[in-house]
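The values are calculated or read from the model by the stated rules, or taken from the named source; none is laboratory data. Just so you know, these numbers come straight off a predicted model, no measurement behind them. Ideal geometry is used to build each Cβ from the backbone, glycine not excepted, and the neighbour counts take in all protein chains shown.
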Amino acid sequence: MSDAEYKRLLAAATGKIRTLIQLMRWSGLAIRDASTLKRADLHFANVANKVIRERTKTGTPLYIPIPADVAAEVQLIKPRPTGPPKTACSRPTLPRQEM
């Protein structure tokens, strides 16, 4: 994906979908791994923000740095009224397309 295509995609996305796109772009995580990322897998610090988890498909440990602006966007996702989200992006659902 070119930078121009990424910018258009990001401009069209909002909320949790935008955050998920950013997380996938900068972490390299597959959609399955990014959408099931647990809050406990996210480590935020003044110096470094990172994702620590295992790859769903292979179980390989991952230590992935993420940019501060992406980490800030992930942290802004509001908890559900019944408690904190289990996943970082709360498994956003995509709008259905008309056929």
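Specify the residue that is surrounded by the fewest Cβ atoms within 10 Å (Cβ to Cβ); the eligible residues are those in the stretch 56-70 that are touching a helix residue (DSSP H, G or I) at 6+ places or on another chain (Cβ under 9 Å) and not in a strand (DSSP E or B).
Step one: of the stretch 56-70, the residues touching a helix residue (DSSP H, G or I) at 6+ places or on another chain (Cβ under 9 Å) are 56-57, 62, 64-67, 69-70.
Pick out the ones that are also not in a strand (DSSP E or B) and you get 56-57, 67, 69-70.
Numbers: THR56: 13, LYS57: 9, PRO67: 13, ASP69: 11, VAL70: 18.
Looking at residues that are touching a helix residue (DSSP H, G or I) at 6+ places or on another chain (Cβ under 9 Å) and not in a strand (DSSP E or B), I get LYS57.
Among the residues of the stretch 42-55 satisfying the criterion of being assigned to a loop (DSSP other than H, G, I, E, B) and surrounded by 13 or more Cβ atoms within 10 Å (Cβ to Cβ), which is modelled with the highest pLDDT?
We begin by selecting, within the stretch 42-55, every residue assigned to a loop (DSSP other than H, G, I, E, B); these are 44-48, 55.
Subset that is surrounded by 13 or more Cβ atoms within 10 Å (Cβ to Cβ): 44, 55.
Working: PHE44: 81, ARG55: 75.
Ranking the qualifying residues of the stretch 42-55, first place goes to PHE44.
Any residue in the stretch 78-99 that is crowded, with 16+ Cβ neighbours inside 10 Å and at pLDDT 75 or above?
Scanning the stretch 78-99 turns up no residue that is crowded, with 16+ Cβ neighbours inside 10 Å and at pLDDT 75 or above.
Conditions tested, residue by residue: (1) of a type in the set (A, V, I, L, M); (2) within 10 Å of the chain's Cα centre (by Cα); (3) not in a helix (DSSP H, G or I).
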position: TYR6; (1), (2), (3): no, no, no
position: LEU9; (1), (2), (3): yes, no, no
position: THR19; (1), (2), (3): no, yes, no
position: GLN22; (1), (2), (3): no, yes, no
position: TRP26; (1), (2), (3): no, yes, no
position: LEU29; (1), (2), (3): yes, yes, yes
position: ARG32; (1), (2), (3): no, no, no
position: ALA40; (1), (2), (3): yes, no, no
